[in-house]
Amino acid sequence: MLATATFVPVPAGHPHYDVSQLAPVVGEDSRPAAMNDAGQVVGNSPSGPWIFDARTGTVRRLLGPGETRRFIASGIGSGGDVAGYELRGNDRH
């Protein structure tokens, strides 16, 4: 018996998505936290939070070299403002 597949046609005007591999840039242990309507993704890695801009294909790190404080990004607004907190030991500030 042969199995047959039925494919549903894609509706006109459907959303289009692209997948971007960020691990080589932000690190294998990185995780996205949030995305805004402008296509900006904010995430966290062991070296700190970062923003990926899908329009330009660029990644920007949010902490400077040598920064010892630990910040965690948790959201991103429509204008690119990042929300998050600082970890001090087990406390969030």
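Read-outs: derived from the displayed coordinates by stated rules, not from any lab. Values in this document were obtained by computation on a predicted structure and should not be read as measured data. For neighbour counting, all protein chains shown are included, and Cβ atoms are generated from backbone atoms with ideal geometry for every residue, glycine included.
Taken over the range 1-50, the percentage of Cα pairs per 10 Å bin, counting from 0 up to the bin with the maximum distance, is 18, 34, 18, 19, 10, 1. Neighbours of residue 48 by Cβ distance under 14 Å: Lys/Arg scored +1, Asp/Glu scored -1, total +2. Look at the alpha carbon pairs under 8 Å that are at least 6 residues apart: their mean separation over the length of the chain gives a relative contact order of 19 percent. Kirkwood's formula applied to the C-alpha pairs of the chain gives a hydrodynamic radius of 15.5 angstrom.
Find out how many positive minus negative residues lie around residue 89, taking Lys and Arg as positive, Asp and Glu as negative, among other residues whose Cβ is under 14 Å from that of residue 89. Mind dumping the intermediate values first?
Working: positive: 69, 70, 88, 92; negative: 86, 91.
That sum, taken over residues with Cβ under 14 Å, equals +2.
Close amide H pairs (under 5 Å, H built 1.01 Å from N) link residue 75 with 83, residues at least 5 positions away or on another chain.
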